[in-house]
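J.: Would you mind keeping the following structure in view while I ask a few things?
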Amino acid sequence: QVKLEESGGGLVQPGGSLRLSCVASGFTLDYYRIGWFRQAPGKEREFVAAISWSVSSTYYADSVKGRFTISRDNAKNTVYLQMNSLKPEDTAIYYCAADPTNWGIREVGGYSYWGQGTQVTVSS
């Protein structure tokens with residue numbers, strides 16, 4: 001079974017940091033672009049960050065640029081999202097996604113495989 005599993009979410013104060021992980025099983029991430037998306041209650045799922053399979057290109061939503069960093073470790077079949085300077089508006093369920101193609105890197109429809117999500121809550 002092809003699976004993506006997120007971890008690392010939790011409760012953090014505004015201005016704090018969290019590091020999310022996404023581990024793949026059933027396939028290797030070496031030749032997949034990886035995206036992070038998030039969804040808050042009552043809102044649509046939105047793009048957060050992505051990294052190409054070549055590891056040479058990264059992409060960020062304007063709302064997180066300068067605060068979040070996406071990276072990958074192909075040897076561990078894992079992608080990370082380092083989140084710094086967290087704000088209450090970052091509160092959401094965070095999903096990782098993967099796809100081997102070269103289109104729609106910022107779009108929900110551009111990804112074939114999705115994890116179940118991990119909850120991030122930013123509150124004082």
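The values are calculated or read from the model by the stated rules, or taken from the named source; none is laboratory data. The model shown is predicted, which means the values in this text are computed figures rather than measured ones. Cβ: placed from backbone, ideal geometry, glycine included. Neighbour counts: every protein chain shown. These accessible areas exclude ligands, DNA and RNA; they are computed on the full protein's heavy atoms, side chains included. Shrake-Rupley method; radii C 1.70, N 1.55, O 1.52, S 1.80 Å.
J.: Any chance you could count how many residues in the range 86-112 are open to solvent by 40 Å² or more (accessible area, probe 1.4 Å) and in contact with a Phe, Trp or Tyr (Cβ under 8 Å, 6 or more places away or on another chain)?
T.: Residues that pass the stated criteria total 4.
J.: Name the residues in the range 24-53 that are under 21 Å from residue 102 (Cα atoms) and among the hydrophobic types (A, V, I, L, M, F, W, C), would you?
T.: Listed by number, the residues that qualify are 24, 27, 29, 34, 36, 37, 47, 48, 49, 50, 51, 53.
J.: Condition first: in a strand (DSSP E or B) and open to solvent by less than 30 Å² (accessible area, probe 1.4 Å). Now tell me which residues in the range 48-71 satisfy that. So that I can check it myself, show each step before the final result.
T.: Step one: list which residues in the range 48-71 are in a strand (DSSP E or B), which gives 48-51, 58-60, 68-71.
Scanning the range 48-71 gives 48, 49, 50, 51, 68, 70.
J.: Return only the number of the condition from (1) within 18 Å of residue 106 (Cβ to Cβ); (2) in contact (Cβ under 8 Å) with a residue 60 or more places away in the chain; (3) out of contact with any Leu (no Cβ under 6 Å at 6 or more places or on another chain) that residue 81 does not satisfy.
T.: (3)
J.: Could you go through the range 4-19 and let me know if any residue there is under 20 Å from residue 108 (Cα atoms) and of a type in the set (Asp, Glu).
T.: Scanning the range 4-19, I find at least one residue that is under 20 Å from residue 108 (Cα atoms) and of a type in the set (Asp, Glu), so the answer is yes.
J.: State which residue is farthest from residue 13 (Cα to Cα) when the search covers only the range 85-105 and only residues that are of a type outside the set (Ser, Thr, Tyr) and within 14 Å of the chain's Cα centre (by Cα).
T.: 99
J.: Limited to the range 1-38, what total is found for residues that are free of Cβ contacts under 8 Å to residues at least 60 places away in the same chain, surrounded by fewer than 16 Cβ atoms within 10 Å (Cβ to Cβ) and in a strand (DSSP E or B)?
T.: 1
J.: Does the range 72-85 hold any residues that are among the aliphatic types (A, V, I, L, M) and crowded, with 18+ Cβ neighbours inside 10 Å, and which are they?
T.: Once the filter is applied, which keeps residues that are among the aliphatic types (A, V, I, L, M) and crowded, with 18+ Cβ neighbours inside 10 Å, the range 72-85 yields 79, 81, 83.
J.: State all residues of the range 72-105 that are in a loop (DSSP other than H, G, I, E, B), at pLDDT 95 or above and in contact with a strand residue (DSSP E or B) (Cβ under 8 Å, 6 or more places away or on another chain); if no residue qualifies, say none.
T.: Of everything in the range 72-105, those that are in a loop (DSSP other than H, G, I, E, B), at pLDDT 95 or above and in contact with a strand residue (DSSP E or B) (Cβ under 8 Å, 6 or more places away or on another chain) turn out to be 84, 86, 87, 91.
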